[in-house]
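Worksheet: one structure, shown below.
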């Protein structure tokens with residue numbers, strides 16, 4: 001599926017998802033439109049492309065499919081994505097992805113507050129999301145999907161078990177680690193598929209080695 005088609009399909013989702021997110025009680029017509037778009041996308045090559053590019057090939061995701069939430073399910077679902085282990089489906093919520101995009105943008109101002117600096121781990125996550133807000137919205141959709149793949153794969157558990165005196169990563173650090181993993185894989189996909197250097201293209205200035213302790 002052409003990258004342009006991926007982007008254009010997401011633009012339709014984003015428009016409806018943003019309208020729903022801004023309304024405390026979305027009109028039934030708006031919810032129905034989102035439901036219709038989700039059904040059409042789930043029958044198209046759009047979800048196949050997402051599965052091929054961002055899901056397949058990672059440990060623990062054999063047979064996992066991608067589907068979009070629509071209708072009232074999208075309105076009521078809080079997170080950008082969730083995984084149903086029984087059906088082996090990663091459910092992508094357009095409304096939740098819009099909220100994730102907005103939260104990244106809000107972090108630009110939030111990280112400058114005193115409250116944000118009270119916890120290094122929370123501050124680092126906020127600073128990272130502020131940097132990621134430079135990305136266009138369709139790439140943040142891909143990032144949210146990859147973050148769920150990281151959760152399903154257990155990337156923060158498999159090689160971070162306490163051994164030989166080492167300590168496990170704090171639970172509070174998992175959101176950052178999963179997002180960091182997701183970004184690295186997004187970099188690899190864009191480099192292989194489009195020949196694009198993600199950091200150079202969008203001026204992403206983040207070097208994780210500078211953020212390994214609270215001394216920064």
Fill in the blank from the handout: Taking the reciprocal of mean 1/r across every pair of different Cα atoms in the chain, the Kirkwood radius in Å is 18.3 Å
Problem - the range 3-92 - percent relative contact order, Cα under 8 Å, separation 6 or more - result: 25 percent
Practice task
Would you mind telling me the antiparallel percentage of the DSSP bridges in the range 1-148, rounded to 5?
Solution key: 50 percent
Fill in the blank from the handout: If 206, 10 are placed from fewest to most neighbouring beta carbons inside 10 Å, the sequence is 206, 10
Exercise for the section: Measure nothing but the geometry: give the 0 to 90° angle between the long axis through the Cα atoms of 3-22 and the longest principal axis through the Cα atoms of the chain, rounded to 10°. Expected result: 90 degrees
Practice task
Over the chain, calculate the relative contact order: mean separation of alpha carbon pairs under 8 Å at least 6 apart, over the residue count, as a percent.
Solution key: 17 percent
Exercise for the section: Measure nothing but the geometry: give the 0 to 90° angle between the long axis through the Cα atoms of 174-194 and the longest principal axis through the Cα atoms of the chain, rounded to 10°. Expected result: 60 degrees
Problem - Selected from 196, 152, 97 as most flexible by GNM, with the chain as the system and alpha-carbon contacts under 10 Å - result: 196
Problem - Isotropic mean projected area of the C-alpha convex hull, the range 1-102 (nm²) - result: 6.5 nm²
Handout entry: Two-decimal log10 I(q)/I(0) for the range 94-134, as the Debye equation yields it once each C-alpha is a single scatterer, q = 0.22, 0.23, 0.29 Å⁻¹
Key = -0.63, -0.67, -0.91
Completion exercise
Beyond 15 Å, the calculated P(r) of the range 11-68 holds a percent of Cα-Cα pairs equal to 57 percent
Handout entry: Between 0 and 90°, nearest 10: helix 94-110 axis offset from the chain longest Cα axis
Key = 40 degrees
Practice task
Hey, could you grab the Kirkwood Rh for the range 62-108? Inverse mean 1/r over distinct alpha carbon pairs, Å, one decimal.
Solution key: 11.3 Å
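Any read-out appearing in this document is the output of simple, stated calculations on the displayed coordinates, not a laboratory observation. Predicted, not measured: the structure shown is a model, and the values here were computed from it. Virtual Cβ from ideal backbone geometry, glycine too; neighbours counted across all protein chains shown.
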